[in-house]
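A.B. asks: Could you have a look at this structure, given as structure tokens, before my questions?
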Amino acid sequence: SAKCGGCGPGYATPLDAMKGPREEIVYLPCIYRNTGIEKPDYLATVDVDPKSPHYCQVIHRLPMPNLKDELHHSGWNACSSCFGDATKRRNRLILPSLISSRVYVVDVGTDLRAPRIHKIVEPVELFWKGNVANPHTSHCLGSGEILISCLGDPAGNGKGGFILLDGETFEVKGNWENGEKVPPLGYDFWYQPRHNVLISTEWGVPKVLANGFNPADLERGHYGRRINVWDWSTHTYIQAVDLGKDSIPLEIRFLHNPDAAEGFVGCALSGAVHRFYKTEARDWAAEKVIQVPNKKVQGWLLPDMPGLITDILISLDDRFLYFSNWLHGDIRQYDISDTRRPKLVGQVFLGGSIPKGGPVTVVEDKELQCQPEPFVIKGKRVPGGPQMIQLSLDGKRLYVSTSLYSGWDKQFYPDLVKEGSVMLQIDVDTERGGLKVNTNFLVDFGKEPDGPVLAHEIRYPGGDCTSDIWM
């Protein structure tokens, strides 16, 4: 946290955050649902300090008291949005469960290296007080409250609503949104108070996507295609921006500069990245600025294989955009100095569905001359593809995990479920651009005490570029 006496958690500006200390530990939710191992999900603490004797090791595990929660994404009770409030501390990790609809509040303030459960918000609280379920993204607000987006209603239908938690007691206060009008689907969100806006995205209908992906559900309209614009001050849903059929917009990121009225959203199925922006008419619009072409393949679910952009982030100086293609197997780095014309400056392949010698044959490829080699590190051939990403504050290290969501992992990468996921680290050239795998870094979640596990999102105790929002 900032060394300024009367300040709250985080940093005064994104550029101040870039000068923060190097990460020494990270937290990852580890999932057993759909693996055949009847154990609860847990929060792993991993040592990422190269000077430590426990480098690349899980040093603590906090099991949840229930089975089959499907821990997924996490957030904080307080972050840089509360920087001006000296009474706030970043000492609780908010850990929603995508399938059970529980929300765990984890105490990381008492012992950073050994988190403990502080409180459990049971699903019935979300059901009764908000008529929402399947919580996904959690962001701390400048008010001290916690805002969580949801995918659906308690019956498993799609519903893009939100739930608000008290930042001290973690009691459910009710819905954040006002009025009857809500989007048909929900997923991720980001807010920007200086432009009086919150924008949310759409994945799919919870009861449809829960156990796997069926292409026929696209035709039935069960997957998302819009980003949804909300008035920040009145909490009302005011506009939908359609990104096209079969787009499935997932992770959304505003530029970190709080004056900026633009950002990027990655579309999983269409393989597109759209820049969204405020227009002169003061509404919002989007334009496609990156397109990952599908590959024509044999030996796979469909004849056309999308990259499947599943995670996206922006460096704290708003200079580079990163995203992962979970199916094609690559991570890309773009220079976004000109936000309308991103320039590819780094790319690395870390597995995926198309390596040489596998079941899939690529018959037409608009980008590659040949199929990539299988990805092997420290003698281990890595199953799955690059998925969740997290960047160090200084922008020089990109951490990567390989599990998307247990129901889809099982379908697309059965070996990943059998062998467990991994965490990797990529060295970033922040001058010219460029990505290179750190061959000394491997956290193998296939070797966990209770059997192989699916590790998902990566968080630093002091905040990071996907959890902190500046006011």
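A.B. asks: Looking at Leu308, Leu316, can you tell me which residue is in contact with a helix residue (DSSP H, G or I) (Cβ under 8 Å, 6 or more places away or on another chain) and not acidic (Asp, Glu)?
C.D. replies: From the options Leu308, Leu316, the qualifying one is Leu316.
A.B. asks: Can you tell me how many residues within the range 46-79 are over 20 Å from Glu24 (Cβ atoms) and aliphatic (A, V, I, L, M)?
C.D. replies: Going through the range 46-79 one residue at a time, the tally reaches 4.
A.B. asks: Among the candidates Gly307, Gly263, which residue alone is open to solvent by less than 30 Å² (accessible area, probe 1.4 Å) and in a strand (DSSP E or B)?
C.D. replies: When all the criteria are applied, what remains is Gly263.
A.B. asks: Something else: Consider only pairs whose beta carbons are under 7 Å apart and that are at least six residues apart or on different chains; among these, list those whose first residue lies in the range 435-454 and is farther than 15 Å from Lys39 by Cβ and whose second residue is of a type in the set (S, T, N, Q) and open to solvent by 30 Å² or more (accessible area, probe 1.4 Å).
C.D. replies: Filtered contacts from the range 435-454: Leu435/Gln347.
A.B. asks: Open to solvent by 40 Å² or more (accessible area, probe 1.4 Å) and closer than 19 Å to Pro461 by Cα - does that describe any residue in the range 127-144?
C.D. replies: Scanning the range 127-144, I find no residue that is open to solvent by 40 Å² or more (accessible area, probe 1.4 Å) and closer than 19 Å to Pro461 by Cα, so the answer is no.
A.B. asks: Could you tell me whether Ile309 is within 17 Å of the chain's Cα centre (by Cα) and not small (Gly, Ala, Ser)?
C.D. replies: yes
A.B. asks: Same structure, new question: Taking strands (runs of 3 or more DSSP E) that do not extend beyond the range 84-149, which have at least 2 residues that are in contact (Cβ under 8 Å) with a residue 60 or more places away in the chain?
C.D. replies: By residue number, 92-96, 103-107, 133-140.
A.B. asks: Using beta carbons and a limit of 8 Å, which pairs, at least six apart or on different chains, have the first residue in the range 156-181 and of a type in the set (S, T, N, Q) and the second one crowded, with 18+ Cβ neighbours inside 10 Å and not in a loop (DSSP other than H, G, I, E, B)?
C.D. replies: Asn157/Pro206; Asn175/Gly130; Asn175/Phe162; Asn175/Ile163; Asn175/Leu164
A.B. asks: Open to solvent by 10 Å² or more (accessible area, probe 1.4 Å), in contact with a helix residue (DSSP H, G or I) (Cβ under 7 Å, 6 or more places away or on another chain) and either under 18 Å from Glu168 (Cβ atoms) or of a type in the set (D, E, K, R) (or both): which single residue out of Arg102, Arg113, Arg92 fits that description?
C.D. replies: Every option except Arg102 fails the conditions.
A.B. asks: Among the listed residues Lys119, Lys159, which satisfies the condition of being over 30 Å from Ile59 (Cβ atoms) and at pLDDT 95 or above?
C.D. replies: After applying the criteria, what remains is Lys159.
A.B. asks: What pairs can you find where one residue is in the range 297-314 and within 12 Å of Arg332 (Cα to Cα), the other is among the β-branched types (Val, Ile, Thr) and not in a strand (DSSP E or B), and their Cβ atoms are less than 7 Å apart, with a gap of 6+ or different chains?
C.D. replies: Gly307/Val292; Ile309/Val292; Leu313/Thr466
A.B. asks: Which fully enclosed strands (runs of 3 or more DSSP E) of the range 352-471 have 2 or more residues being open to solvent by less than 10 Å² (accessible area, probe 1.4 Å) and either aliphatic (A, V, I, L, M) or at pLDDT below 95 (or both)?
C.D. replies: 389-391, 397-401, 422-428
A.B. asks: Oh, and also: Only one of (1) under 24 Å from Cys465 (Cα atoms); (2) in contact with a strand residue (DSSP E or B) (Cβ under 9 Å, 6 or more places away or on another chain) is not met by Pro14, so which one is it?
C.D. replies: (2)
A.B. asks: Does Thr87 meet the test of being under 28 Å from Leu147 (Cβ atoms) and open to solvent by 10 Å² or more (accessible area, probe 1.4 Å)?
C.D. replies: Judged against the criteria, Thr87 is a match.
A.B. asks: Considering each of Lys288, Lys245, Lys295, Lys207 in turn, give the residue that is basic (Lys, Arg), in contact with a His (Cβ under 8 Å, 6 or more places away or on another chain) and open to solvent by 20 Å² or more (accessible area, probe 1.4 Å).
C.D. replies: One residue alone meets the criteria, Lys288.
A.B. asks: Moving on. Any residue at all in the range 17-39 that's open to solvent by 40 Å² or more (accessible area, probe 1.4 Å) and in contact with a Cys (Cβ under 8 Å, 6 or more places away or on another chain)?
C.D. replies: Checking the range 17-39: not a single residue is open to solvent by 40 Å² or more (accessible area, probe 1.4 Å) and in contact with a Cys (Cβ under 8 Å, 6 or more places away or on another chain).
A.B. asks: Taking the range 315-351, which residues are open to solvent by 10 Å² or more (accessible area, probe 1.4 Å) and in contact with a Phe, Trp or Tyr (Cβ under 7 Å, 6 or more places away or on another chain)?
C.D. replies: Those that are open to solvent by 10 Å² or more (accessible area, probe 1.4 Å) and in contact with a Phe, Trp or Tyr (Cβ under 7 Å, 6 or more places away or on another chain): Tyr334, Asp335, Pro342, Lys343, Leu344, Val345, Phe349.
Table: residues versus (1) in contact with a Gly (Cβ under 7 Å, 6 or more places away or on another chain); (2) of a type in the set (Lys, Arg); (3) closer than 30 Å to Pro359 by Cβ.
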| site | (1), (2), (3) |
| --- | --- |
| Trp230 | no, no, no |
| Ser233 | no, no, no |
| Asp246 | no, no, yes |
| Phe254 | yes, no, no |
| Arg275 | no, yes, no |
| Arg282 | no, yes, no |
| Val289 | no, no, no |
| Gly299 | no, no, yes |
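A.B. asks: Another question, then. Within the range 169-179, is there a residue that is touching a helix residue (DSSP H, G or I) at 6+ places or on another chain (Cβ under 7 Å), open to solvent by 10 Å² or more (accessible area, probe 1.4 Å), at pLDDT below 95 and part of a loop (DSSP other than H, G, I, E, B)?
C.D. replies: Among the residues of the range 169-179, not one is touching a helix residue (DSSP H, G or I) at 6+ places or on another chain (Cβ under 7 Å), open to solvent by 10 Å² or more (accessible area, probe 1.4 Å), at pLDDT below 95 and part of a loop (DSSP other than H, G, I, E, B), which makes the answer no.
A.B. asks: Given Val172, Val208, Val182, Val197, which one is closer than 30 Å to Asp317 by Cβ and of a type in the set (Val, Ile, Thr)?
C.D. replies: When all the criteria are applied, what remains is Val197.
A.B. asks: How about the range 16-59: which of its residues are assigned to a strand (DSSP E or B) and under 13 Å from His456 (Cβ atoms)?
C.D. replies: Matches in the range 16-59: Val26, Tyr27, Leu28, Pro29, Cys30, Ile31, Tyr42, Leu43, Ala44, Val46.
A.B. asks: In addition: Name, by its number, the condition in (1) more than 22 Å from Cys465 (Cα to Cα); (2) open to solvent by less than 50 Å² (accessible area, probe 1.4 Å); (3) within 19 Å of the chain's Cα centre (by Cα) that does not hold for Phe276.
C.D. replies: Against the list (1) more than 22 Å from Cys465 (Cα to Cα); (2) open to solvent by less than 50 Å² (accessible area, probe 1.4 Å); (3) within 19 Å of the chain's Cα centre (by Cα), Phe276 comes up short only on (1).
The values are calculated or read from the model by the stated rules, or taken from the named source; none is laboratory data. This is a predicted model, so every value here is computed, not measured. Quick reminder, even Gly has a Cβ in these numbers, built from the backbone with ideal geometry, and neighbours come from all protein chains shown. Remember, those area values only see protein heavy atoms, side chains included, never the ligands or the DNA or RNA. Shrake-Rupley method; radii C 1.70, N 1.55, O 1.52, S 1.80 Å.
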